[in-house]
Amino acid sequence: MLCNGYDEVVDLKSGELAELRDVRGATLRVTRGTLWVTQDRDVRDVVLRAGDVWTVEREGLTLAEAQDDATFCLLGGAARRVSRAGVPPTYVERLGVWFAALGQNRASRRFVPYF
């Protein structure tokens, strides 16, 4: 299956996650493998197999996890890949997390001079 007309094509390894934020109305079309999808504030989970098409129903965080190697097409949103389970993050990923945490801590602290 081709993804003609879709905004993004996402390839995931087994256990890898794709994070979709605030993409209500976005359409996912699985072209290979199986995806497990869960939405923020929704008790239902959705399992999509090759050939299935599904539309995100809620705002907030939506996670799509590959149950085996999977590919899906996305229309109307953007996906951010998240590390695979059991695979340590790269140096660049760890450095990015560290800088993000540093920025958050700096915003919450007040400067007090030390004499």
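The values are calculated or read from the model by the stated rules, or taken from the named source; none is laboratory data. Worth saying up front: this structure is predicted, and the values here are computed from it rather than measured. In this analysis, Cβ positions are derived from the backbone assuming ideal geometry, glycine residues included, and neighbour counts consider all displayed protein chains.
Annotations
- Residues satisfying the stated conditions in the stretch 7-17, i.e. assigned to a strand (DSSP E or B) and either of a type in the set (D, E, K, R) or more than 9 Å from the chain's Cα centre (by Cα) (or both): Glu8, Val9, Val10, Asp11, Leu12
- Residue that is farthest from Asp7 (Cα to Cα) [pool: residues in the stretch 55-77 that are of a type in the set (Ser, Thr, Tyr) and without any contact (Cβ under 8 Å) to a residue 60 or more places away in the chain]: Thr62
- Inter-residue pairs, beta-carbon under 8 Å, first at positive phi and in the stretch 13-27, second modelled with pLDDT of 90 or more and buried (at least 17 other Cβ atoms within 10 Å of the Cβ), 6+ apart: Gly15/Glu65; Gly15/Ala66; Gly25/Val56
- Residue satisfying all of: in the stretch 28-54; free of Cβ contacts under 8 Å to residues at least 40 places away in the same chain and polar (S, T, N, Q); farthest from Asp69 (Cα to Cα) among these: Gln39
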